[in-house]
Amino acid sequence: MKQRVITASVLAPLAIALILLAPTVWFMAVLAIALLLALWEWTRLIDIRARPARAAVLLLNVGLMAVLALHGWPQAFMVVTAAGAASWLLVCLWLWRPGFASGPSGKPLKLFAGSMMVVPAWCAIALLHADSPLGPRWALFGLMLVWAADTFAYFAGSRIGGRKLAPRISPGKTWAGFWGGLVGACLICIPAAPLLGLAWSRVPVLMGLALVVALASVVGDLFESLIKRQAGAKDSGTLIPGHGGVLDRIDSVVAALPVFVVGKMLLGL
């Protein structure tokens, strides 16, 4: 736990400074690196062992990001983000049947799922960051929704415990943690609203969106847990001291961001 706290105390201020201060193009570049590191870990989890094959997967996704950056702003970014948000509804069905695509024949689908985690999340936060002068604040808020949900879920689950949320997928998660995460996502909307330029009358709408985003973050977390369980792995990697791999830290984020952006657009926030 001590190592986790030290690492978080170093990385969190750096991440916040990058989001709020860096131009969108530089922010997108750094985020792309983090997402591609997560995708590298994902290829190992789905049993792609040969480094040339794993590198080829990364290069294909780098190429897609480059094409989007050069020729797809903003329309293609919106389409990819919407497709990413919709794909997490299909992941819910996947979680309902945990044995689905668990054998070697499921590897192509898992490979596609990796790209659908990484590229739409990258498009989504780019749209947020560049949307307006308050865009960087909205991008930070989207991430903080997930951080708040994760933090409240951890403390509620560890202090209260109780019935398991998905014992066949992630035995450590409880319903107490689930409800605690939803409460945390709603509470952070109160101080955030004025910083996002919203009237107090819009806070209930923002909280409704926060609830949906928190639910999406749970789906992302459970999905990675399922794949790790099938791979017999405790963590996706060892890059972040005390936290495991990059994917372990952003599994909730990649699911939440596309949902957040689509919801924000539909609700006119």
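The values are calculated or read from the model by the stated rules, or taken from the named source; none is laboratory data. All of these numbers come straight from a predicted model, not from anything done at the bench. Glycine gets a Cβ as well: all are built from the backbone with ideal geometry, and neighbour counts include every protein chain shown.
If a residue counts only when it is touching a residue at least 40 places away in the same chain (Cβ under 8 Å) and among the small types (G, A, S), which helices (runs of 4 or more DSSP H) contained entirely in the range 1-80 have at least 2 such residues? Reasoning before the result, please.
Details: elements: 2-21, 24-45, 51-71.
Because the criterion is at least 2 residues that are touching a residue at least 40 places away in the same chain (Cβ under 8 Å) and among the small types (G, A, S), the helices (runs of 4 or more DSSP H) in the range 1-80 that meet it are 2-21, 24-45.
Just to be sure I understand, how many residues within the range 89-105 are at negative phi, buried (at least 17 other Cβ atoms within 10 Å of the Cβ) and either of a type in the set (F, W, Y) or without any contact (Cβ under 8 Å) to a residue 40 or more places away in the chain (or both)?
1
Out of all the residues in the range 166-184, is one or more in contact with a Phe, Trp or Tyr (Cβ under 9 Å, 6 or more places away or on another chain) and either among the polar types (S, T, N, Q) or farther than 27 Å from L95 by Cα (or both)?
Checked against the condition, which is being in contact with a Phe, Trp or Tyr (Cβ under 9 Å, 6 or more places away or on another chain) and either among the polar types (S, T, N, Q) or farther than 27 Å from L95 by Cα (or both), the range 166-184 yields no hits at all.
In the range 222-269, which residue that is small (G, A, S) and at pLDDT below 90 is surrounded by the fewest Cβ atoms within 10 Å (Cβ to Cβ)?
Taking the candidates together, the pick is G232.
Could you tell me which of the residues S217, S201 is of a type in the set (S, T, Y), buried (at least 22 other Cβ atoms within 10 Å of the Cβ) and assigned to a helix (DSSP H, G or I)?
Checking each option against the conditions leaves just S217.
Among the listed residues A86, A139, which satisfies the condition of being touching a residue at least 12 places away in the same chain (Cβ under 8 Å), in a helix (DSSP H, G or I) and within 21 Å of the chain's Cα centre (by Cα)? If you could, list the steps in order and put the result at the bottom.
Details: A86 fails: touching a residue at least 12 places away in the same chain (Cβ under 8 Å).
Step by step, each of A86, A139 is checked, and only A139 is touching a residue at least 12 places away in the same chain (Cβ under 8 Å), in a helix (DSSP H, G or I) and within 21 Å of the chain's Cα centre (by Cα).
I'd like the full set of residues that are among the polar types (S, T, N, Q) and touching a strand residue (DSSP E or B) at 6+ places or on another chain (Cβ under 9 Å), limited to the range 159-201. Let's see the steps before the verdict.
If we filter the range 159-201 for residues that are among the polar types (S, T, N, Q), which is where we start, we get 170, 174, 201.
Within the range 159-201, S170, T174 qualify.
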